[in-house]
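Okay, structure first, notes after.
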Amino acid sequence: MRSFFRSFSIILLVLWMGFIFYMSAQPAEVSSEISGSVIEIIAEKVYPNFAELSSVEKTEVVASFQFVARKSAHIIAFAVLGVLSFLSFVSYRRLRFSVRMLLSALLCLLYAASDEYHQRFVSGRSCELRDFLLDAAGIIGAILICLLLVKIIPPLRRKTAFLKKTVPPNAELSEHEQLLKPVGEAVDTTRDEVALLECAILEKEKTIEHLTSSLAEKTEEIIKLNAQNKEFDMNSHKGIELSSEMQYAAAVIGKSVIEVTKVCNKILTNDKSENSKELVNLALGRNEVLKANILKILDEPIEFSKKQKLIEKEKCEAVDYFNSIIAQMC
């Protein structure tokens, strides 16, 4: 879609340049006739009695507006050129926004200068600095208006990408580079970019807070389970200790809780994509499956050594699953 928009904008820009060149190539007499016809059409709408005036009076009215109309045409024609140039350059998101705006303005100003120089060779036309300044005013004014609209309208601000450069989605960055990347972007970006980053950070903090709360609840359940196994009815069952099987299972579950906590923290720290919450939920769910399988193994009527091997197998499968989740962040 962006490539189609860019191509369409460039085509309109080239066509409009050709139209300006065509109008500048008209001799002075032809240009005066064209502007006079336009003034007459406007005068018929503005002056209700214009049609009843004599030809001499009509000529005087047209002549009085001839200068203003011709100079206004300069401003309007090059203002349209500035808008089309802005639309053509704004889609190049790999360039900094300020560079795109500078290139857009320079292209229009160079064309305005070449247009004035071109009029030196047209009969009855001349190259004037005043006309070039009017052209420049139209160009700069149009680009500033477009820039203002981009800044005050959030959807346009996001689509025009106020970033210095984009990072390919498959780029592999070290943890050190990932930590330094937001800092480097914040230094080089504009105030609007900083505001957008702050909004994104607030949203991520809310997500992290929710996931941390969920993780804390799961951890609290495991702690309560361990506490129940170690301190069950201490007042009436003093001296009773947990069996070696229960102690081993509790130790494996505790280590699994620590491992899944590390995995969740790594996901929330390094993964800035939209599926970070889904990855955390997958990790927490796999840990619950491990806990249920361990408790099921403990209830089986087999030797402790066999139970230990089955629990170790479940633990290794859970660790492999956690590693596969981390691999999805690359």
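Quick notes
- In order through region 117-125: 3J(HN,Hα) via Karplus (6.51 cos²θ - 1.76 cosθ + 1.60), integer Hz, x for Gly, Pro: 5, 4, 5, 4, 9, 9, 4, x, 9
- The distance between label points at residue 67 and residue 201 comes to 5.8 nm (points 7 Å beyond Cα on the Cα→Cβ vector).
- Difference of contour (0.36 nm per residue) and Cα-Cα distance, residue 210 to residue 93: 38.7 nm
- Listed pairs 218/296; 204/315; 224/313; 262/313 exceeding 28 Å between Cα atoms: 204/315
- Ordering of 280-292, 74-86 by burial proxy (mean other Cβ atoms within 10 Å per residue, highest first): 74-86, 280-292
- Assuming charge only on the beta carbon of Lys and Arg (+1) and of Asp and Glu (-1), the dipole of region 2-159 about its Cα centre is about 1600 debye to the nearest 20.
- Here the ratio of the Cα radius of gyration of region 2-159 to 2.2 N^0.38 Å is 1.24.
Computed from the coordinates by the stated procedures, all read-outs in this text should not be read as laboratory data. Please read these numbers as outputs of a predicted model, since none were measured by experiment. In this analysis, Cβ positions are derived from the backbone assuming ideal geometry, glycine residues included, and neighbour counts consider all displayed protein chains.
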